[in-house]
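Student: Structure in structure tokens, see below.
The values are calculated or read from the model by the stated rules, or taken from the named source; none is laboratory data. None of these values were measured; they are calculated from a predicted model. Here Cβ is always computed from backbone atoms with ideal geometry, including for glycine, and neighbour counts include all displayed protein chains.
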Amino acid sequence: MVFIGMDHGTTGISFCIMSDEGDVVDVFKIGREESKNGLVSATDELAKRVDFDSVKLMAITYAMGDGINKILPTDKVKDRGILSINGAGKVTGGGTSVFSELQELNLNSIMIPGLHKDSTSLNELFRAAYSHQASPEKVSISYNAILETGWSNFIVADISSNSVDILIEDGKIKGAMDACVGAMGVVHGPIDLEMIRDIDENGASANECFSHAGAIKIAGIDGKVANMKDQLLKNYQAGDEKAKLAIDTLIMTVAMEIAGLDLVCENDIEGIVLTGSIGSATEPFNFENEINKYFKNKYDLKVISKDSGAIGAAQIAMDVYNGKKEILGIEVEI
């Protein structure tokens, strides 16, 4: 018998298959473009790895997750748990096709909500300040982080195509900073004054600006989202000055955001958890070492798997199946 976790990421959709004992059996990823174009099937890939009759529960994350504020059975969720797909980064349709495939499987499944103004589990100050704070996979990442570290008061820094930092206090998510208002990721980043002018004067959409506001803006890289990170790292390794400036700037903005979240934490921070394809990177630069140049050993830094979103979702599925009624302060209603 197994549990399945799904991470609806920017460049692809990842799955984790987990045993009854909580051991990771397999993790794999389906590219968004490949899924949209019918080149890869989530059903086929899962069928290669698991007997569907053995699946006890699957936990799904999808898009912004701003249409729900509880962990709910998928068949009780309307409109895939989202208010709108607009303004959420580049839309390819790959994630939607995977979601549709999973629905057709009729597996016992739950959906994890995002963090937003209607999330009653969050601190009211964060809810008042930001309409949206994080998409659902950031919840599963945080759950994996708390199980990996045993900490109750810490910050999760998920750095990849976008950067989202999450504050956890007394074992519950207090709040987070979303990519459009805080630190840069590889692709996405905050919309600054120059971009606001472009939106007003040149007809560029806010979503287009958001999708080019990360490190790629500084490095001068454009193209398919799935290829941008590899191109940035390739340029960095080749000694490209713009790529180095881009990475250094990204790290600086993440350090500032972490320091800000520490400031508003009422308890002492036990450490910082780093994850994501950039946050867990050791080559061609070591992200942990680079960001610690700002922190000067103030924090205990721990790196967890870049697949923490899918792994954490499977862990949520297992614990909800076994009767847990609350995950990081988020109510479970099944």
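Student: Which one of ILE216, ILE196, ILE168 is assigned to a helix (DSSP H, G or I) and crowded, with 22+ Cβ neighbours inside 10 Å?
Tutor: Just a single option satisfies the conditions, and that option is ILE216.
Residue by residue, here is whether (1) buried (at least 23 other Cβ atoms within 10 Å of the Cβ); (2) assigned to a helix (DSSP H, G or I) holds:
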| position | (1), (2) |
| --- | --- |
| THR96 | no, yes |
| LYS138 | yes, yes |
| TYR143 | yes, yes |
| VAL181 | no, no |
| PRO190 | no, no |
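Student: All but one of (1) at pLDDT below 95; (2) farther than 23 Å from ASN286 by Cβ hold for GLY182, so report the exception by its number.
Tutor: Condition not satisfied by GLY182: (2).
Student: For the range 136-161, enumerate the residues that are under 8 Å from the mean Cα position of the chain (by Cα) and assigned by TED's automatic domain parsing to the domain that holds HIS188.
Tutor: Across the range 136-161, the qualifying residue is only ASP158.
Student: If GLU104 satisfies every condition in (1) under 19 Å from LEU274 (Cβ atoms); (2) at pLDDT below 95; (3) acidic (Asp, Glu) but one, which is the exception?
Tutor: Going through (1) under 19 Å from LEU274 (Cβ atoms); (2) at pLDDT below 95; (3) acidic (Asp, Glu) one by one, GLU104 breaks only (1).
Student: Restricted to the range 5-53, and to residues that are surrounded by 16 or more Cβ atoms within 10 Å (Cβ to Cβ) and small (Gly, Ala, Ser), which residue is modelled with the highest pLDDT?
Tutor: GLY5
Student: Okay, next question. What are the pairs, 6+ residues apart or on separate chains, where a residue within the range 136-156 that is over 16 Å from ALA313 (Cα atoms) has its Cβ under 7 Å from a residue that is of a type in the set (S, T, N, Q)?
Tutor: Pairs found: ASN153/ASN267.
Student: Can you tell me which residue is farthest from GLU290 (Cα to Cα) among those in the range 222-275 that are small (Gly, Ala, Ser) and in a helix (DSSP H, G or I)?
Tutor: ALA226
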